Amino acid sequence: MKRALVINTTRMGDLIQSTPLMQGLQASGYEVSLLYSEGFHEIAPMLAGVDHLIPFSLAEIVNPLVVQGANYFDAYKALSASLGRLRRENFDLVINATHSAYSAMMTTIISGARTTGLTCDQHGKLTNTNDWARYYLTSQACRETNRFNLVDIHRMMSGNAGAFPVKLNVPNKANIVADQILAGYVEKDSILIGIVPGASTQEKTYPVEAVAQAVDSLGSSVPVKTVILGAKSESALGGTLERLLPGSLNLCGKTDIATLAALISRCRLILSNDTGPMHIAAAVGTTVIDISLGSALASETAPYGAGHYVIESKIGCHPCLPRLHCTHFTCGRSIPPEAIAKVAGAVIVGKPVVIDGDGCFDSVKLFRTEFDREGFLKLVSLTEAKEDRNAMLYRSMQQVWKEILDVELQEEQENSDYYPSFDFTDVIDTFTKVVEIARIGRDSSAVMVNLAGESTQVETLKQLAGALQEIDRSLARIAYAFPYTMPFLTQFTSMKGSLVSATLADHASMTSGLFQNLENWSTALIARLEKNSAVFNRRIDAA
């Protein structure tokens with residue numbers, strides 16, 4: 001049997017989001033091992049798709065290397081000493097699902113017949129061996145353009161496009177404990193909902209006072225019982241919410257992860273910030289209302305599966321930059337508790353969410369999760385009667401990305417009422433300029449291929465190299481002036497930087513091919529936008 005190793009040493013939610021990837025590998029005939037941070041030893045045995053667990057001490061080995069003053073040489077020595085035994089396992093496939101410099105070193109040290117994701121070349125330079133992993137890093141340059149969930153990116157990294165759910169296998173013992181905890185609390189006709197008040201950062205945390213108001217609004221119409229869930233570090237938040245919701249059951253910090261998962265599986269719905277228990281809920285089949293705040297970007301990390309709900313603020317600065325510590329928390333305060341209560345009430349009784357004219361949804365975006373025809377998770381707006389211009393542009397870009405990344409497209413029949421037409425002349429003009437520059441780069445590189453072996457053409461080759469450098473600078477200026485071009489241009493730059501060749505002719509040939517790729521990507525997007533703009537112009541003429 002073939003053997004695969006998945007490296008995922010990040011957060012609990014990321015581990016859960018990797019279960020479709022690992023189930024897909026098993027379905028392709030692999031025996032799957034998971035290298036994970038030992039801090040998540042409770043959740044790891046529950047992850048679907050794993051045959052062997054390999055704990056790794058992030059705290060002892062990696063954390064000291066990321067402090068100021070540490071260098072890559074010291075890091076490589078430390079990691080080699082720790083992971084050398086895994087290199088001798090001779091894995092058929094090693095997948096880096098962590099996307100960091102230290103995980104690239106780990107991937108390089110362990111090696112394997114084939115590696116996928118961020119790794120290091122023979123000179124120690126970071127390089128990427130997978131187009132989907134490269135896309136993920138590219139998307140971070142302009143996050144708002146990304147429309148792929150992290151689960152889909154990871155499952156596509158394996159080369160297996162099969163659809164598998166996020167999944168946890170909850171131990172029977174935990175189910176028994178959960179039933180015992182709830183036995184004296186949940187009455188026969190009552191409905192259990194779970195609340196996760198905490199998050200990894202304050203800017204991702206919805207005010208507990210607002211949570212309490214939302215739940216209070218429910219209690220008057222349906223027989224609701226509330227269980228408060230979370231980590232020990234969130235006990236203070238849980239205590240505050242318990243005081244605001246007399247009669248609630250506060251279990252914050254009082255359960256292990258397996259019992260937490262079992263309790264969540266018994267809830268009709270989970271009301272949560274973007275945090276680990278939200279992904280646990282999706283993995284045990286419980287409907288989630290995800291309050292997406294701060295740096296959380298729902299298109300990346302929404303609960304994976306159909307029928308979940310995401311609420312975001314319409315505030316212009318959302319999402320925050322991941323390393324920016326917000327001080328005003330406006331996005332959380334701009335989401336009315338009444339909006340959350342309306343969504344929760346609809347979920348509880350099994351009816352569609354109705355967006356009426358009372359104004360509680362005016363300051364928010366509400367989405368429901370569904371799968372598109374290619375099997376990718378998508379967010380369907382429930383608060384916007386029509387798709388806006390940026391959403392149309394980014395959705396068009398996503399379809400081009402699917403073509404770039406070898407997804408067989410199944411074009412959806414568009415609802416012309418929701419998918420209006422727009423004038424994209426400015427965007428088309430910008431990408432037309434990209435096409436022109438890409439053609440010059442392609443042709444200049446092709447000339448270098450022909451001249452590379454001729455010693456009499458050294459000066460000409462220098463001039464061509466200088467011209468190519470100026471082309472790179474021109475593309476960089478376009479990227480910063482027009483951020484919507486950044487994903488394509490960053491992908492191009494990343495692929496160009498990863499080129500490995502033995503001769504100048506080979507390097508020039510591959511560079512010419514990449515310029516051709518950039519031209520093709522831009523031309524494909526232009527074609528989609530021209531089609532939309534043509535409809536827009538026909539409607540203007542008719543009016």
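The values are calculated or read from the model by the stated rules, or taken from the named source; none is laboratory data. This is a predicted model, so every value here is computed, not measured. Cβ: placed from backbone, ideal geometry, glycine included. Neighbour counts: every protein chain shown.
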Of the residues 475, 464, which is in contact with a Gly (Cβ under 9 Å, 6 or more places away or on another chain) and part of a helix (DSSP H, G or I)?
475
Which one of the conditions (1) of a type in the set (A, V, I, L, M); (2) at pLDDT 90 or above; (3) surrounded by fewer than 20 Cβ atoms within 10 Å (Cβ to Cβ) does residue 208 fail to meet, given that it meets all the rest?
(3)
Only listed residue being closer than 17 Å to residue 209 by Cβ, surrounded by 12 or more Cβ atoms within 10 Å (Cβ to Cβ) and either within 25 Å of the chain's Cα centre (by Cα) or not β-branched (Val, Ile, Thr) (or both), chosen from 326, 360
360
Among residues of segment 385-417, those that are farther than 16 Å from residue 528 by Cβ and at pLDDT below 85, counted:
6
What number of residues in segment 307-330 are in contact (Cβ under 8 Å) with a residue 60 or more places away in the chain and of a type outside the set (Gly, Ala, Ser)?
8
Only one of (1) in a loop (DSSP other than H, G, I, E, B); (2) at negative phi; (3) among the small types (Gly, Ala, Ser) is not met by residue 299, so which one is it?
(1)
Report, by residue number, each residue of segment 276-295 that is part of a loop (DSSP other than H, G, I, E, B) and among the small types (Gly, Ala, Ser).
285, 294, 295
Identify, please: which residue in segment 64-113 is modelled with pLDDT of 90 or more and β-branched (Val, Ile, Thr) and is, among those, surrounded by the fewest Cβ atoms within 10 Å (Cβ to Cβ)?
109
Condition first: assigned to a helix (DSSP H, G or I) and either crowded, with 21+ Cβ neighbours inside 10 Å or in contact with a Phe, Trp or Tyr (Cβ under 7 Å, 6 or more places away or on another chain) (or both). Now tell me which residues in segment 135-149 satisfy that.
135, 136, 138, 139, 145
Search segment 226-275 for residues being part of a helix (DSSP H, G or I) and among the acidic types (Asp, Glu), and hand back the single one that is farthest from the chain's Cα centre (by Cα).
242
Long-range neighbours under 7 Å by Cβ, at least six apart or interchain, first residue free of Cβ contacts under 8 Å to residues at least 12 places away in the same chain within segment 498-514, second surrounded by 15 or more Cβ atoms within 10 Å (Cβ to Cβ) and in a helix (DSSP H, G or I)
501/507; 501/510
Anything in segment 253-283 that is among the polar types (S, T, N, Q) and surrounded by fewer than 24 Cβ atoms within 10 Å (Cβ to Cβ)? List them, or say none.
255, 259, 265
How many residues does segment 327-360 contain that are in a loop (DSSP other than H, G, I, E, B), within 20 Å of residue 272 (Cα to Cα) and among the hydrophobic types (A, V, I, L, M, F, W, C)?
4
